[in-house]
Structures are given as C-alpha cells and as structure tokens.
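Visitor: Here it is, the structure in full.
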Amino acid sequence: MQIVSDALLLIGFFSLIAAIIYGIRWFRNRKNKKSKEYKKNKRFTIISLIILFSAVWFVGSVEDYIDQHSQQTTQTEKNITTNNSQTEYLENKEDFIRVFTSLGIKTEDLSKAEGNEWRDAIRNEGENFSASTSVKKIEDNHRSEIIKVKELSDQLHQLDQKIQQNDYPSKADKETIHEAYLNLKHFATHATDLGGSFETYVQEHNDLDRKMGDSAEALKDL
C-alpha cells in the first residue's frame, strides 16, 4: 500500500505542475476567451486540478488505511505477546507450586531428622558431646537428602526468576510467589547448613516451618 501512496503523490506532483503551467497560459489568454488556446488551457487546468485533488484525497485514504492496518498489526502482536506471557506464567506457576511442595516436604523431613539426631547425640554423649563432630556426622548421614534439597532450591529460584521477569502476573502475585521462595529458601538453608546451638536450631525450625506453611496457604489463593 505504501507503493500506491507514493505513486499517487507522484501523480499529484505532476498534476500540480501541469495545473500551474496551464493556469498561467489560461491567465495570459484571458482577454481572448473565444480562442482555442484559452479554452484548451482552461480545460487542462481544471482537469489537472481535479487530478491533483483526487490524488491528494486518495493519498489521505491510503495513509488512513495504512495507519489502521499498522495499529491492528501492533494490537495483534500485543495480544499474541500477552497470550504467550499468560501461558508461560501459568505453566511456571504450576511448576513453582509443585517444586515448592516437594521441597517443603523434603526440607521439613530433613530438618526434623537432623534435629532428632542432634538431640540424641546430646543425650547419649553427655559430657563428651562435641557440637562440631555431631554436626559433621549428621550432615554425612543425610548427604543425599541435602544434595536433593539444594537441587530443588535451585529449581525454585529459577522458576521464581522467570515469574518475576514476566509482565503478565500482577505485582501482588509476584510478591506472594517471591516471598514463598524466600521463606522456603531460608528453611532449606537451615536444613542444609547446620550450625549454632541445638536450641537455636529448634527455634529456627519452628519459625521457618510456620512461615513455609503460611506461604503454602498463600499460594493456594493464586
């Protein structure tokens, strides 16, 4: 359509030149209105002006059509982008909740098992209890579980990043998902990197377990 618009502009340009030329000749022969030159120049001037105005009108119509088509194309592209973003978000959200649930269960089980073994070591070893030695032994006993929790935590982080970078979900949904990730990330770190005192470990377990449960409920409302 742009080629048509350019062609009409060219026609209008030549029509303008013709109208000027014949108009000057028409004006020069105005005193002899009955002459052939006067009538010919008058006729060609009018024809040139009609062609000029027609070309201008058609150019305007073509430009309007091009603008409308461009807007429709842009809107279609926006709709496609929005649909793709929505589909991607829904898939990532479903995967996030699935990984969150799996990681939550594994983290809670791991933390409980570690806490129980820590408590047993304190009771059984009495004055011979060594925190660093016990922690090292507990971590060795649960090496495979720790590795799995770290892997799932990385997956959850990647899914959270994809959702945060997506334009479709609302700000509130993004905040809910990101908070859920952070709460479970802290719980996973607590279970995979033992340290401090046993009392602190137990207190952190209870606090982080509660926050994870709150996030799990919040995710159900998305």
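The values are calculated or read from the model by the stated rules, or taken from the named source; none is laboratory data. These numbers come from a predicted model, not from an experiment. Virtual Cβ from ideal backbone geometry, glycine too; neighbours counted across all protein chains shown. Accessible surface areas use protein heavy atoms only, side chains included; no ligands, DNA or RNA. Shrake-Rupley method; radii C 1.70, N 1.55, O 1.52, S 1.80 Å.
Visitor: Using r as the Cβ-Cβ distance of Q71 and E37, and R0 as 35 Å, what FRET efficiency do you calculate, to the nearest 0.05?
Guide: E between Q71 and E37, to the nearest 0.05, is 0.10.
Visitor: Can you find, among H178, Q203, Q161, the residue sitting farthest towards the positive end of the charge dipole of segment 157-211, where Lys and Arg contribute +1 and Asp and Glu -1 at Cβ?
Guide: Of the options given, the answer is Q161.
Visitor: If the cut-off is a Cα-Cα distance under 24 Å, which lysines reach K40, setting aside same-chain residues fewer than 8 apart in sequence?
Guide: List returned: K31.
Visitor: Another question about this same structure. What figure in square angstrom, to the nearest 10, would you give for the accessible area of S197 with a 1.4 Å probe?
Guide: 50 Å²
Visitor: Looking at the square roots a ≥ b ≥ c of the eigenvalues of the Cα gyration tensor of segment 152-197, which shape do they give, rounded for a/c under 1.5, prolate if a/b is larger than b/c, or oblate? Walk me through the numbers on the way to the answer.
Guide: On the way: a/c = 5.16, a/b = 2.39, b/c = 2.16.
Note, shape of segment 152-197 comes out prolate.
Visitor: For the pair A216 and H157, what calculated FRET efficiency results from E = 1/(1 + (r/R0)^6), where r is the Cβ-Cβ distance and R0 = 22 Å, to the nearest 0.05?
Guide: 0.80
Visitor: Say the cut-off is 31 Å between C-alpha atoms; which of K171/K211; K112/K171; K136/K220 go over it?
Guide: Violating the 31 Å Cα-Cα cut-off are K112/K171; K136/K220.
Visitor: Next question. For segment 200-206, in order, what is each residue's ³J(HN,Hα) by Karplus, 6.51 cos²θ - 1.76 cosθ + 1.60 with θ = phi - 60°, in whole Hz (x at glycine and Pro)?
Guide: Result, rounded to whole Hz: 5, 4, 5, 4, 5, 4, 5.
Visitor: Note the full-extension length gain between E175 and E63 as 0.36 nm times their separation in residues minus their Cα-Cα distance, in nm to one decimal.
Guide: Numbers: separation 112, 0.36 × 112 = 40.32 nm, distance 4.53 nm.
The E175-E63 span can extend by a further 35.8 nm.
Visitor: Test of the criteria: in segment 118-222, which chymotrypsin sites (Phe, Trp or Tyr not before Pro) are in a DSSP loop and have at most 16 other Cβ atoms within 10 angstrom of their Cβ?
Guide: Answer by residue number: F129.
Visitor: Rounded to the nearest 0.05, what FRET efficiency do N84 and Q203 have when you use their Cβ-Cβ distance and R0 = 41 Å?
Guide: 0.35
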